[in-house]
Each structure stands twice: as structure tokens, then as C-alpha cells.
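> Mind having a look at this structure? Questions to follow.
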Amino acid sequence: MSAAELYLSSETLHPIDMVETLAEHHSWDFDRMNEDQIAMAVEGQWRTYSVTLALSPRDDMLRLLCTFEMDPPEGAMAALYETISRANDMVWSGAFSFWESQRLMVWRYGLLLSDDTPAGIDQIERMIRSAITAAERFYPAFQLVAWAEHSPESALNMALAEAVGRA
């Protein structure tokens, strides 16, 4: 069953209600923080990601944060920031940043909402999947730069290389 089939019409539903339905459908652990915010744990290949969606009625925006802990050594920070910058040049649907005080790598995305065309459940599911895909795609590069002392360029090339052949 697709996410869209969960509701015949999602136009009148609160976006966070739709996220809660998606979390239940995919068996993701979640906590409804309040009417306008939900936090989930989504399992990826590399790790479990914390995904938070919050509705900001003042800005007419649905904000998504996908985070994972990262505590790189101080000597790797310049290379990590360069890697984040290069990674952001490769994506269009959001951006990475590193919250140093919390030691979190963050993927951020904001969906502008419209009264005429509210967010649908398929669109919200695509937002979440896009965030997890970006985190999974660049996670190895961040790790290679932070702990294996690879250059940002070589780490991104290795992490993003397509496998050829069979094992």
C-alpha cells in the first residue's frame, strides 16, 4: 500500500498528522512533541537518523531536520567544513551543516506551504526519504575526512563511486 492510499484526501489533514501516519506505516519510532512537531528514528544502512519535522504556521513552512551524532577531532574540522561545502554543491533539495556545540551533522530542508495547495502525504514522504538518502550518500565521506584523514575530494570520490562488477 502506498502512502497516498493511507488517505484518500489529505488536503484537510494537518501535515504533522500525515507524518505520524507515515511513521506508523513504516514502523518508525516516533514521539509527537506537540501539535506542530514530531521526532522520529529512521534506520539507515550506516546508522539510525533522528528526523524531526515541525510546522511553522508563521512562516507557512514545514521544516525537516535529519541529524546524526558526529564528534570529529578538532584537527579534522577544516577539512570537514570543506567536505560539507562540496557536498552542498552536489545537492539541490536541502543542505548539510555541522552544529558544533551539539556535535551533530544536520541535513536541513524547508518546504514552503500554500493555502491553495497544501502538502500531501506523498510529498512529505519524499521529503523524509530525500533527507535519509542524502545522509546515507554523504555519511562515508564525512567519516573518511574526520577519522581517516582523507582529503575532501578523495573522500567524496570514494564515497560516491558506483560499484562495478560482482562480489
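The values are calculated or read from the model by the stated rules, or taken from the named source; none is laboratory data. Because the structure is a prediction, the values reported are computed rather than measured. Heads up, the Cβs are rebuilt from the backbone with ideal geometry, glycines too, and the neighbour counts pull from every protein chain shown. Surface accessibility is based on the protein's heavy atoms, side chains included, excluding ligands, DNA and RNA. Shrake-Rupley method; radii C 1.70, N 1.55, O 1.52, S 1.80 Å.
> Under a point spin-label approximation (7 Å from Cα along Cα-to-Cβ), what is the Asp59-Glu136 distance to one decimal in nm?
So the two model labels end up 2.7 nm from each other.
> A follow-up question, please. Send over a whole-number figure in Å² for the accessible area per residue of segment 10-167, probe 1.4 Å. Can you show the working numbers first?
Numbers: 8880 Å² over 158 residues.
Roughly 56 Å² per residue, with all protein chains present.
> With a 1.4 Å probe and all protein chains left in place, how much of the accessible area of the chain comes from carbon and sulfur atoms, in whole percent?
Working: 4640 of 9610 Å².
Accessible surface attributable to carbon and sulfur in the chain totals 48 percent.
> Grab the beta carbon distance between Asp36 and Glu69, set R0 = 30 Å, and tell me the FRET efficiency rounded to 0.05. Before the final figure, lay out the partial values.
Working: r = 25 Å, r/R0 = 0.84.
Step by step, r from the Cβ atoms, then E = 0.75.
> Let me ask something additional. Quick one, could you list the DSSP H helices from the chain stretching 20 Å or more along their long axis (Cα atoms) with average Kyte-Doolittle hydropathy of -1.0 or above? Write down the numbers at each step before the final one.
Values: long enough: 121-147 (39 Å, 0.23).
Helices meeting the span and hydropathy rule in the chain are 121-147.
> In segment 42-122, which trypsin sites (Lys or Arg not before Pro) fall in coil by DSSP and have 16 or fewer other Cβ atoms within 10 Å? Intermediate values should be presented prior to the final figure.
Values: sites: Arg47, Arg58, Arg63, Arg86, Arg103, Arg108; in loops: Arg47, Arg58, Arg103.
Here the sparse-neighbourhood loop sites are Arg47, Arg58, Arg103.
> Distance from the Cα centre of segment 97-167 to that of segment 25-92, in angstrom?
Segment 97-167 and segment 25-92 have Cα centres spaced 9 Å from each other.
> Per 0.36 nm of contour for each residue apart, how much would the distance between Ala148 and Ser93 grow if the chain were fully extended, relative to their Cα-Cα spacing? Before the final figure, lay out each step's value.
On the way: separation 55, 0.36 × 55 = 19.80 nm, distance 2.83 nm.
Length gained, Ala148 through Ser93: 17.0 nm.
> How large is the Kirkwood hydrodynamic radius of the chain, in angstrom, based on all distinct alpha carbon pairs?
The answer is 17.1 Å.
> Multiply the residue gap between Leu13 and Met158 by 0.36 nm, knock off their C-alpha separation, and tell me the result in nm, one decimal place.
Numbers: separation 145, 0.36 × 145 = 52.20 nm, distance 4.29 nm.
Taking 0.36 nm per residue and subtracting the Cα distance, the gain is 47.9 nm.
> Could you list the GluC sites (Glu not before Pro) in segment 91-147 that lie in coil according to DSSP, counting only those with at most 16 other Cβ atoms within 10 Å of their Cβ? Mind dumping the intermediate values first?
Working: sites: Glu100, Glu125, Glu136; in loops: Glu100.
For GluC sites (Glu not before Pro) across segment 91-147 that sit outside H, G, I, E and B with at most 16 neighbouring Cβ atoms in 10 Å, the list reads Glu100.
> List the chymotrypsin sites (Phe, Trp or Tyr not before Pro) within segment 19-86 that fall in a DSSP loop (any state other than H, G, I, E or B) and whose Cβ has at most 15 other Cβ atoms within 10 Å.
Working: sites: Trp28, Phe30, Trp46, Tyr49, Phe68, Tyr81; in loops: Trp28, Trp46.
Counting only loop positions with at most 15 other Cβ atoms within 10 Å, the chymotrypsin sites (Phe, Trp or Tyr not before Pro) in segment 19-86 are Trp46.
> At 0.36 nm per residue, and after removing the present C-alpha to C-alpha distance, how many nm does the segment from Asp116 to Ser50 gain when stretched out fully? Mind dumping the intermediate values first?
Details: separation 66, 0.36 × 66 = 23.76 nm, distance 3.08 nm.
Difference between extended and current length: 20.7 nm.
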